[in-house]
Each structure stands twice: as C-alpha cells, then as structure tokens.
Amino acid sequence: MDIPLRGISTDGYALYQTARTIATGKEYIHINEIADEQLIGNFAFRAIIHSILIARNGNHLIMRNESDF
C-alpha cells in the first residue's frame with residue numbers, strides 16, 4: 001500500500017514512521033529522532049510514546065487507574 005506523504009508535517013511523518021515500525025518490527029524511526037524537541041512536538045511525542053507502550057504491554061495499560069502509577 002502506497003501512502004502519499006507529500007506535504008505531511010514533521011509530527012505526522014514521525015507518527016507514520018512509528019506506526020510502520022510497530023506494524024512491521026523494522027526500525028523506520030530512531031529514538032534520537034523521536035526525542036528531538038526541535039523535530040517532534042509535545043503532543044506527537046506523547047502519542048508516539050503511548051503507542052509504543054501499548055504495542056509492547058497491551059491495551060490494559062489504558063484501563064489502569066491513575067492511582068496505579
């Protein structure tokens with residue numbers, strides 16, 4: 001499947017590459033790129049970190065009560 005990426009924002013591109021990495025297991029984006037505050041905005045960074053945690057640990061993390069953390 002070919003997804004057109006022309007005109008996509010840096011945050012959108014990072015989200016897309018993270019999704020590809022999670023789906024395929026092949027590294028399409030590096031942690032130093034994700035952590036670069038000048039490249040990735042706070043909202044996208046948080047979305048990426050949450051998606052990685054869910055992919056690794058399951059969606060039961062979403063259901064946990066805030067007091068569990």
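Table: residues versus (1) at pLDDT 95 or above; (2) charged (D, E, K, R); (3) within 12 Å of the chain's Cα centre (by Cα).
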| residue | (1), (2), (3) |
| --- | --- |
| TYR13 | no, no, yes |
| HIS30 | no, no, yes |
| GLU33 | no, yes, yes |
| PHE43 | yes, no, yes |
| ALA55 | no, no, yes |
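Kindly provide the set of residues from segment 1-37 that are among the aromatic types (Phe, Trp, Tyr) and either in contact (Cβ under 8 Å) with a residue 12 or more places away in the chain or part of a loop (DSSP other than H, G, I, E, B) (or both), ordered by number. If the condition is that a residue be among the aromatic types (Phe, Trp, Tyr) and either in contact (Cβ under 8 Å) with a residue 12 or more places away in the chain or part of a loop (DSSP other than H, G, I, E, B) (or both), then TYR16, TYR28 are the ones that fit. Can you find, within segment 38-55, the residue that is surrounded by the fewest Cβ atoms within 10 Å (Cβ to Cβ) among those that are in a helix (DSSP H, G or I) and polar (S, T, N, Q)? So, considering only residues that are in a helix (DSSP H, G or I) and polar (S, T, N, Q), the one surrounded by the fewest Cβ atoms within 10 Å (Cβ to Cβ) is ASN42.
Anything in segment 1-27 that is surrounded by 10 or more Cβ atoms within 10 Å (Cβ to Cβ), among the hydroxyl-bearing types (Ser, Thr, Tyr) and within 21 Å of ASN57 (Cβ to Cβ)? List them, or say none. Answer for segment 1-27, where residues must be surrounded by 10 or more Cβ atoms within 10 Å (Cβ to Cβ), among the hydroxyl-bearing types (Ser, Thr, Tyr) and within 21 Å of ASN57 (Cβ to Cβ): THR18, THR21.
The values are calculated or read from the model by the stated rules, or taken from the named source; none is laboratory data. Small disclaimer: the values here were computed from a predicted structure and weren't measured. Methodologically, a virtual Cβ is constructed for each residue, glycine included, from the backbone with ideal geometry; neighbour enumeration extends over all protein chains shown.
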